[in-house]
Amino acid sequence: MNPRTTRLILVLAAFLGGLACTLTVVLLLARPDGGSFATPTAAIGGPFRLLDQNGRVVTEADLKGEPFLVFFGFTHCPDVCPTTLFELSQVLDKLGPDAAKVRVLFVTVDPERDKPDTLKDYLSSFNPNVVGLTGDPAAIAAIAKEYRVYLKKVPLEGGDYTMDHTALVYLMDRDGRFVAPFSLKRPPEQAAADLRRYL
Ligand SMILES: [Cu+2]
């Protein structure tokens with residue numbers, strides 16, 4: 001096989017792989033009654049009571065009147081979380097002063113290690129409008145359930161562990177209702193323009 005053909009096959013494989021992921025996400029979000037994941041009334045999201053990186057209590061009531069993005073992850077995550085937070089930061093940068101009107105919530109799936117201080121350290125590398133949220137394991141399990149987030153502790157050699165988790169960014173409207181998964185697979189300007197429509 002010549003290198004050109006090999007490259008073509010690799011590109012095609014990557015594309016199909018991406019497509020498979022998208023389909024899985026869509027299927028996961030499809031409602032049992034056949035409604036679409038884009039239906040604003042889809043039961044994703046709900047009340048919560050957690051602590052931000054400054055140790056302040058944050059509840060869903062604090063988010064009323066502003067659209068917000070929710071992403072679940074953990075500070076020990078090797079790639080997906082930092083990449084996603086970096087891309088979300090780029091979108092917030094593109095929003096300019098409007099970034100203050102959009103909340104990006106980074107909810108930990110690893111409350112055992114991610115205490116407010118840990119989140120604060122970690123988030124100092126990203127846009128300051130990213131809010132880290134943690135809480136006791138029961139509170140985290142409850143919000144994960146509301147957002148239909150899959151999370152699982154996976155032991156590593158040497159007694160350490162990592163977390164498997166859903167890596168979807170949820171776009172929620174001003175009333176706290178789920179709109180759609182928020183795509184970062186586009187230029188940040190474009191994602192920012194999309195977000196601006198919900199302000
Ligand atoms: Cu992660």
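Read-outs throughout are calculated quantities, based only on the coordinates presented, and are distinct from any laboratory measurement. Everything numeric in this text was worked out from a predicted model, so none of it was measured. Positions of Cβ are backbone-derived with ideal geometry, glycine not excepted, and every protein chain shown enters the neighbour counts.
Take ARG113 and GLU157, extend 7 Å from each Cα along the Cα→Cβ direction, and tell me the distance between the two endpoints in nm.
Modelled inter-label distance: 1.7 nm.
Any chance you could run the full-extension gain for ASP62 through VAL80? It's 0.36 nm times the residue separation minus the Cα-Cα distance, nm to one decimal.
Working: separation 18, 0.36 × 18 = 6.48 nm, distance 2.75 nm.
Between ASP62 and VAL80, full extension yields 3.7 nm more.
What is the distance, in nm, between label points placed 7 Å from the Cα along the Cα-to-Cβ direction at ARG177 and at ARG49?
Distance between label points: 2.7 nm.
Just order 51-61, 141-151 by mean Cβ neighbour count inside 10 Å, highest at the front, would you? Don't jump to the answer; show the numbers that get you there.
On the way: 51-61: 14.7, 141-151: 17.1.
Sorting 51-61, 141-151 by mean packing, highest first, produces 141-151, 51-61.
Hey, which lysines would be in cross-link range of LYS152, C-alpha to C-alpha under 19 Å, not counting anything within fewer than 8 residues on its own chain?
Cross-link targets: LYS115.
GLU189 label point, 7 Å along Cα→Cβ, cut-off 19 Å on backbone N: hits in the range 54-90?
From the range 54-90, the list is 87-90.
Semi-axes of the equivalent ellipsoid of the range 115-190: what are they in whole Å, largest first, if each equals the square root of 5 times a C-alpha gyration tensor eigenvalue? All intermediate terms of the calculation are to be shown ahead of the outcome.
Numbers: eigenvalues 120, 62, 46 Å².
Computed over the range 115-190, the values are 24, 18, 15 Å.
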